[in-house]
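Written below as structure tokens is the structure these notes are about.
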Amino acid sequence: MDDIVSIIGTSALVAAIVTVGLSLVKDVIVSRYDFKRKSEAGYIQKRIRLNSKIYYNIEKLQVEGDVLGGHPDTLVYSGKEIEKFIDEINNTLSSRIDLVSKKVRMAWLLFQTNPAEDSAHDYAKRLMQQIKIEFNEELIPRYRKYVGESPRMID
């Protein structure tokens, strides 16, 4: 009888240890996956915000060109406004260059080095097109994969 009680007690102890061990392993794996998913979603969200900010401000400058009497392809700058916008984006990019792709970064550099020249419009169009492609074809699908919802695409 003592042997049966001993066997049952040992079996229960082994089962409890295995159950606790498996539960801990599962919790560690799930929490690592969840942390990675949340981190990736946060990173993509930061990229979306920065790309949106650049796109919006370039578009705003184009609309102001229309309103101020230029034709639709004219960028009109108030010196202080464009300097503020360029400084703000440069400050963000200087500490978080990983938030934009190389193509967007190169288009930004071309635009921001010559904002008052006639070529600025071409650089702005190229920059906006590159952001639109990256936003709609890369960032939105990846964000949707991790979060299940997505911000609106750029038209």
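The values are calculated or read from the model by the stated rules, or taken from the named source; none is laboratory data. A quick note: this is a predicted structure, and the numbers were derived from the prediction, not measured. All Cβ positions, even for glycine, are placed from backbone atoms using ideal geometry, and neighbour counts span all protein chains on display.
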From ILE48, ILE17, grab the single residue that is at pLDDT 85 or above, of a type outside the set (S, T, N, Q), assigned to a helix (DSSP H, G or I) and within 19 Å of the chain's Cα centre (by Cα).
-> ILE48
Do you know which residues across the range 72-86 are over 19 Å from GLU59 (Cβ atoms) and either of a type in the set (A, V, I, L, M) or modelled with pLDDT of 80 or more (or both)?
-> none
Going through the range 114-155 one residue at a time, which ones are more than 15 Å from ILE54 (Cα to Cα), β-branched (Val, Ile, Thr) and at pLDDT below 85?
-> VAL147
Does GLU64 fit the bill of being closer than 30 Å to LEU99 by Cβ, in contact with a helix residue (DSSP H, G or I) (Cβ under 9 Å, 6 or more places away or on another chain), at pLDDT below 85 and not hydrophobic (A, V, I, L, M, F, W, C)?
-> yes
